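Trainee: What follows is a structure written as structure tokens; I'll ask about it next.
The values are calculated or read from the model by the stated rules, or taken from the named source; none is laboratory data. It should be emphasised that the depicted structure is a prediction, and the values quoted were computed from it without experimental measurement. Here the Cβ positions follow ideal geometry from the backbone for every residue, glycine too, while neighbour counts run over all protein chains shown. Remember, those area values only see protein heavy atoms, side chains included, never the ligands or the DNA or RNA. Shrake-Rupley method; radii C 1.70, N 1.55, O 1.52, S 1.80 Å.
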Amino acid sequence: MTKKMTPADVAKFKALLLHLLQHLSDDIKELESETAQACRRARDSSNEDVGEEVLAVEFSFDLMERDENTLREVLAALERVADGRYGRCQKCDHWIRRTRLTAIPHARCCIDCQRLVEAEQAKI
Ligand SMILES: [Zn+2]
């Protein structure tokens, strides 16, 4: 049975979340400038070469989308910190294991519920 979060635990995970937030926003900024550069190169390139730049833009967009999704999850987790709900599974209300939160500080569910959610998604 996983123990309840102490205020010290929450403070530790909050610091992890803020670190992640900083890292993600730096990453997104970098991807944005890469995308802008690839757009400029696409504009200046010959018709034969434009395909390569389009691929570069698409690749940066995919990465940005992934980062933005994670960023949203991190923000939602920080809201849970503020509400005092951080560290509880949103499905079964049990405490999420510390090892899981250390790996994924923005996890919404415990590992058992996460597996169920993923099994549900796999069916669709
Ligand atoms: Zn759960």
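Trainee: Being closer than 30 Å to Asp9 by Cβ and within 16 Å of the ligand (Cβ to nearest atom) is true for just one of Arg72, Arg66, Arg80. Which residue is that?
Mentor: From the options Arg72, Arg66, Arg80, the qualifying one is Arg80.
Trainee: Could you tell me which residue of segment 85-96 is surrounded by the fewest Cβ atoms within 10 Å (Cβ to Cβ), considering only residues that are more than 10 Å from the ligand (Cβ to nearest atom) and in contact (Cβ under 8 Å) with a residue 12 or more places away in the chain?
Mentor: Out of the qualifying residues, it is Tyr86.
Trainee: Here's another thing I want to ask about it. How many of the residues making up segment 1-28 are in contact (Cβ under 8 Å) with a residue 60 or more places away in the chain, open to solvent by less than 60 Å² (accessible area, probe 1.4 Å) and not aromatic (Phe, Trp, Tyr)?
Mentor: Number of matching residues: 6.
Trainee: Scan segment 102-124 for residues that are away from the ligand (no atom under 13 Å from the Cβ), assigned to a loop (DSSP other than H, G, I, E, B) and within 18 Å of Thr6 (Cα to Cα) and report the count.
Mentor: Matching residues across segment 102-124 total 2.
Trainee: Within segment 74-84, identify whether any single residue is within 19 Å of Ala103 (Cα to Cα), at pLDDT 95 or above, open to solvent by less than 40 Å² (accessible area, probe 1.4 Å) and in contact with a His (Cβ under 6 Å, 6 or more places away or on another chain), and answer yes or no.
Mentor: Yes, segment 74-84 contains at least one residue that is within 19 Å of Ala103 (Cα to Cα), at pLDDT 95 or above, open to solvent by less than 40 Å² (accessible area, probe 1.4 Å) and in contact with a His (Cβ under 6 Å, 6 or more places away or on another chain).
Trainee: Determine which single condition Val54 fails, assuming it passes every other condition in (1) β-branched (Val, Ile, Thr); (2) under 30 Å from Ala103 (Cβ atoms); (3) open to solvent by 60 Å² or more (accessible area, probe 1.4 Å).
Mentor: Failing condition for Val54: (2).
Trainee: Thr35 fails exactly one of the following numbered conditions: (1) farther than 16 Å from Trp95 by Cα; (2) open to solvent by 50 Å² or more (accessible area, probe 1.4 Å). What is the number of that condition?
Mentor: Looking at each condition in turn, Thr35 falls short on (2).
Trainee: Considering Thr99, Thr70, which residue is of a type in the set (Ser, Thr, Tyr), touching a Leu at 6+ places or on another chain (Cβ under 9 Å) and either open to solvent by 80 Å² or more (accessible area, probe 1.4 Å) or outside any loop (DSSP other than H, G, I, E, B) (or both)?
Mentor: Thr70
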